[in-house]
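J.: Just dropping this structure here.
The values are calculated or read from the model by the stated rules, or taken from the named source; none is laboratory data. Since the structure is predicted, the reported quantities are computational estimates derived from the model, not experimental observations. Methodologically, a virtual Cβ is constructed for each residue, glycine included, from the backbone with ideal geometry; neighbour enumeration extends over all protein chains shown.
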Amino acid sequence: MHKIDSCNNKENTVGMYFLPKRDIDISKNELNRVWRITGNGQAEQLSFKVPRKGAGYSAEIYPPCLSGEFSQEYEEWEEGKDAPPILKPFNPDVLKAGI
């Protein structure tokens, strides 16, 4: 367990947009990135990171993610068949190679 840093702002939050996983910085142990929209229309970027002594890829905090490929055809789905999603490793070396 680790205490999360508090965020004290005078402006109210109107909305938030979480960026897709492909936009996070794995080398800095970033888990998620979000745009926060304030009441006066300003936007600020917030980053959620895992506190680690060493930077770089850590396999235990990045589970496999959706590959973006269909696991079955429409006809199969229409017939009532079910298939698990196709996952790919969230490893920067694998992602750069395009696997």
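J.: Restricting attention to the range 61-69, does a residue exist that is without any contact (Cβ under 8 Å) to a residue 40 or more places away in the chain, touching a Ser or Thr at 6+ places or on another chain (Cβ under 8 Å) and either part of a loop (DSSP other than H, G, I, E, B) or under 22 Å from Ile24 (Cβ atoms) (or both)?
T.: So far as the range 61-69 goes, no, none of its residues is without any contact (Cβ under 8 Å) to a residue 40 or more places away in the chain, touching a Ser or Thr at 6+ places or on another chain (Cβ under 8 Å) and either part of a loop (DSSP other than H, G, I, E, B) or under 22 Å from Ile24 (Cβ atoms) (or both).
J.: Still on this structure, I have one more. If a residue has to be in a loop (DSSP other than H, G, I, E, B) and over 17 Å from the mean Cα position of the chain (by Cα) to count, how many in the range 17-54 make the cut?
T.: 7
J.: Still on this model: Can you tell me which condition Arg33 does not meet? The list is (1) without any contact (Cβ under 8 Å) to a residue 40 or more places away in the chain; (2) out of contact with any strand residue (DSSP E or B) (no Cβ under 8 Å at 6 or more places or on another chain); (3) within 25 Å of Pro89 (Cα to Cα), and all the others hold.
T.: Only one criterion in (1) without any contact (Cβ under 8 Å) to a residue 40 or more places away in the chain; (2) out of contact with any strand residue (DSSP E or B) (no Cβ under 8 Å at 6 or more places or on another chain); (3) within 25 Å of Pro89 (Cα to Cα) is unmet by Arg33, namely (2).
J.: Follow-up question, since we're still on this one. (1) at pLDDT below 75; (2) loosely packed, with under 10 Cβ neighbours inside 10 Å; (3) not aliphatic (A, V, I, L, M): which one isn't true of Asn40, the others all being true?
T.: Failed condition: (1).
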